[in-house]
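Step one of this worksheet: look at the structure below.
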Amino acid sequence: MFEVYIHVPFCLRRCGYCDFNTYTATDLGAGASRGNYANMVIREMKLTKQWQLDHGIEEPPVSTVFFGGGTPTILAARDLVAVLDAVRKIWGIAPDAEITTEANPDTVNEYYINELAAGGFTRVSFGMQSAVPHVLKTLDRTHTPANVAAGVNAANKAGLRSSVDLIYGAPGESLDDWRTSVTTAIDLGVNHISAYALTVEPTTKMGRQIAAGTLPKPNDDDEAAKYEIADDLFAAAGLEWYEVSNWARPGYESQHNLGYWRNVDWAGLGPGAHSHYNAVTEADHPQSASLTAPAGGGCPADAGLGVVSVSHGLRSWDIAHPRLWGTAINENRVPWADSETITPEENLEELIMLGLRLHEGLDLDRINRAINDAGMSSTPQTLRTVSVDQLAPMVSEGLITVSDNHRVVPTRRGRLLNDSVIEQFFDFVGV
């Protein structure tokens, strides 16, 4: 599978809890402006496609496209459609592809959503966050619950799937406030809901308010109680958890996000976006054998034309500041800040961390193959494995279940203690 993520770094205002790579200015220089942004992303797309061809990467038609941010819907709908058309032209799009944009409820209306639907979008993810006015105010959100309902209704009329995102644990949010938000989201009739615990970064406005004592710090026990409330209410409404922070009716899971958790290939476009490739062939020219970006950021579009037999995984990330990102594109360079090889050991760690977040579970047989691919056996002749019996203590603690086909699935307690579950599994594996 191959996915495309497009990061749109613009926002009308910056929320107090947000530490994403976003900006409120309309023009950030070097062509990275709201009005020209679609053109810049399309140019990056072409550079990325050329880089893939130069390194022997032949991806299948795109299975999912996701516009995130920032606020993608701050751009004109025709701009988002133009970017999607470019994806179709450059890589091709699978017939049943999932095409999603995130949307601030303040920035869309029926006409906007109809234009997205006509342009090939299939799904809209609305940033609802809360249904309680004082919580929305604490989060610096400007929309109202009525905005969310209007957006969902417009998407339904246009034949698009809808999802809403919630945040729990905001300062001053009571358990009853949270129940109100969950039940309001369910009553919208959407088939997918995400619920994330508030993470406070010290460099954000909210982080500074908490440090100064003007806002209370989120409480772990409070957040755990709210997770359990959400899980119970979602389950009663027919929404099943499929990832630690995501619930959906069967068949309505976010295929794009599942791709991340299943470690597929994806190209990230836009300032700060990350890309991931499971196998990349190195160049045989010494002067261009490194896949790491040169000093100053950006890789020449034609770097590394040769191919050797050794392959490895690669992770890269775009230059974060839009002006420097735009400068690299204007100089015909893939706008990477840097890249790194994913070693077999790191791949093993990622398989564990990602698999233990999913309801489909961690494939123990795949993990055992990865252990030996990483060369972690004591001798080349000895296969090292993690057995079901070794996992018995974690089963007894109520953290995981192990199915007959050797899939390790976190229980609700295991989801709440996910970091601990992962650490214990790392101990069994020896990483």
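The values are calculated or read from the model by the stated rules, or taken from the named source; none is laboratory data. This one's a predicted model, so the numbers in the text were calculated from it and none came from an experiment. In this analysis, Cβ positions are derived from the backbone assuming ideal geometry, glycine residues included, and neighbour counts consider all displayed protein chains. We work out accessible area using only protein heavy atoms, side chains counted, and drop any ligands, DNA or RNA first. Shrake-Rupley method; radii C 1.70, N 1.55, O 1.52, S 1.80 Å.
State the extension gain, in nm to one decimal, for the chain segment bounded by Asp140 and Arg412, taking 0.36 nm per residue of separation less the distance between their alpha-carbons.
Contour length minus the Cα-Cα distance gives 94.8 nm.
Please label the shape of the range 1-54 as rounded, prolate or oblate, based on the square roots a ≥ b ≥ c of the eigenvalues of the alpha-carbon gyration tensor (a/c under 1.5 means rounded; beyond that, a/b larger than b/c means prolate, else oblate). Intermediate results must be reported in sequence, preceding the final value.
Details: a/c = 3.31, a/b = 1.67, b/c = 1.99.
Taking the square roots of the gyration eigenvalues as a ≥ b ≥ c, the range 1-54 is oblate.
Taking amide H atoms as placed 1.01 Å from N in the peptide plane, list the residues 5 or more away in sequence, or in a different chain, whose amide H sits under 5 Å from that of Phe10.
Tyr23, Thr71
Taking 7 Å along the Cα-to-C-beta vector as the label spot, tell me the Asp389-Arg366 distance in nanometres, rounded to one decimal.
Once both label points are built, they end up 2.7 nm from each other.
Using 0.36 nm per residue, how much length does the chain from Ala320 to Asn405 gain when fully extended, once their Cα-Cα distance is taken away? Please list the in-between numbers first.
Numbers: separation 85, 0.36 × 85 = 30.60 nm, distance 4.28 nm.
Difference between extended and current length: 26.3 nm.
Amide H to amide H under 5 Å from Ile319: which residues, 5+ apart in sequence or cross-chain, H placed 1.01 Å off N in plane?
Result for Ile319 returns Gly272, Trp336, Ala337.
Can you work out ³J(HN,Hα) from phi for every residue in the range 141-147, in order, using Karplus 6.51 cos²θ - 1.76 cosθ + 1.60 and θ = phi - 60°, giving whole Hz and x for Gly and Pro?
Per-residue couplings from phi come out as 8, 9, 7, 10, x, 5, 4 Hz.
On full extension of the chain, what length is gained from His359 through Ser174, given 0.36 nm per residue of separation minus the C-alpha to C-alpha distance?
Full extension from His359 to Ser174 adds 63.7 nm.
Modelling each spin label as a point 7 Å along the Cα-to-Cβ direction, I'd like the Glu346/Arg88 distance in nm, to one decimal.
So the two model labels end up 3.6 nm from each other.
Among 399-405, 4-10, what's the highest-first ranking by average C-beta atoms within 10 angstrom per residue?
Packing order, densest peptide first, comes out as 4-10, 399-405.
Compute the whole-percent fraction of alpha carbon pairs in the range 112-236 spaced more than 23 Å apart.
Of all Cα-Cα pairs in the range 112-236, 36 percent lie more than 23 Å apart.
Could you tell me which label, among (1) 60, 57, 48; (2) 71, 48, 46; (3) 63, 45, 43, carries the value of Cα extents along the principal axes in Å calculated for this structure?
Of the listed options (1) 60, 57, 48; (2) 71, 48, 46; (3) 63, 45, 43, (1) comes from this structure.
Taking the chain as a Gaussian network, Cα atoms linked when under 10 Å apart, which of Leu348, Leu391, Leu314 shows the biggest mean-square fluctuation?
Most flexible of the set in this elastic network: Leu391.
Can you compute log10 of I(q)/I(0) for the range 193-271 with the Debye formula, treating each Cα as one identical point scatterer, at q = 0.18 Å⁻¹?
-0.91
Counting only heavy atoms of protein chains, what accessible area per residue, in Å², does the chain have with a probe of 1.4 Å? Walk me through the numbers before you get to the answer.
Values: 18270 Å² over 431 residues.
That works out to 42 Å² per residue.
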